[in-house]
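Report on one structure; see the data block that follows.
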Amino acid sequence: DKPYAFYDWIDAARSELLARGETPLPLKVEPSGAEIAKPIKDGNFEVTPASMPDPDGRVQRAAPGLMEWRHVTVSHTQRERRSIRVHMQWQPAANSSVEWNNEAEPLTLWLEATPGWKVQPAFIQVPGPPMAHDREVRSLEFECQASEDAAALEIRGVALFSICESSGGPCLYRRLDWVLSHADLFPQQAPPLLP
């Protein structure tokens, strides 16, 4: 329901500065998601197919309690669009000494929705900061849109991430399978985002 992509001019401005031999200033936070998305004219969006990054399940599953994740669901302002935007935050568990390993693959999520629903993007990578290790929150968002005859929404996801058990400890590549049920996505009151 927005008339134009709000911050798509940033890439054009950077290109123009580089063409003139100037160096663009870095942004503290890069625009993403709805900030750079183009408006949807007919109420439908295209889905980019994504392959499951670990189809054979070879990546070892993460032990419980290593990672925390939360979400907030925002419904579209026009009910007839039958869409929601899901904002997620991931971070090492507060009661653990686990750190992100930024020298390896970034946090990667693959998403699949109930038949009758589209998810975009279905494959997300969230790069970390330039330091080797950190415990910072990784934020991402995706949109879900229902067809007229869609069943209750359930999103199944796979998160792949590289972590170190502690500062200077061994680093591991792990997988976490997760589910957002219809009740999770449409609660009476959404849980707060991580601080």
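Filter segment 88-110 down to residues that are of a type in the set (A, V, I, L, M) and crowded, with 20+ Cβ neighbours inside 10 Å and give me whichever is farthest from LEU185 (Cα to Cα).
Residue satisfying both the conditions and the ranking: VAL98.
For segment 9-28, which positions are β-branched (Val, Ile, Thr) and touching a Pro at 6+ places or on another chain (Cβ under 9 Å)?
ILE10
Check ILE163 against each of (1) exposed (fewer than 13 other Cβ atoms within 10 Å of the Cβ); (2) modelled with pLDDT of 95 or more and name the one condition it does not meet.
(1)
Identify the residue in segment 45-63 that is of a type outside the set (Asp, Glu), exposed (fewer than 10 other Cβ atoms within 10 Å of the Cβ) and modelled with pLDDT of 90 or more and, among all such residues, is farthest from CYS164 (Cα to Cα).
Here the residue is PRO55.
In segment 93-124, what count of residues is obtained for those that are more than 15 Å from GLY168 (Cβ to Cβ) and assigned to a strand (DSSP E or B)?
13
Filter segment 129-146 for residues that are more than 14 Å from ARG70 (Cα to Cα) and touching a residue at least 60 places away in the same chain (Cβ under 8 Å); which is surrounded by the fewest Cβ atoms within 10 Å (Cβ to Cβ)?
Within segment 129-146, the match that is surrounded by the fewest Cβ atoms within 10 Å (Cβ to Cβ) is ALA146.
Condition (residue is farther than 25 Å from GLU30 by Cβ, modelled with pLDDT under 90 and among the acidic types (Asp, Glu)) applied to segment 111-122: is it met by at least one residue?
No: zero hits.
Taking the conditions exactly as written (among the basic types (Lys, Arg) and more than 18 Å from MET52 (Cα to Cα)), does ARG156 satisfy them or not?
no
State yes or no: is SER147 among the polar types (S, T, N, Q), on the phi < 0 side of the Ramachandran plot, modelled with pLDDT of 90 or more and not assigned by TED's automatic domain parsing to the domain that holds SER32?
Criteria not met by SER147.
The values are calculated or read from the model by the stated rules, or taken from the named source; none is laboratory data. Just so it is clear, the structure is predicted and the values come from calculations on it, not from any experiment. Please note: Cβ atoms are built from the backbone with ideal geometry, for glycine as well, and neighbour counts cover all protein chains shown.
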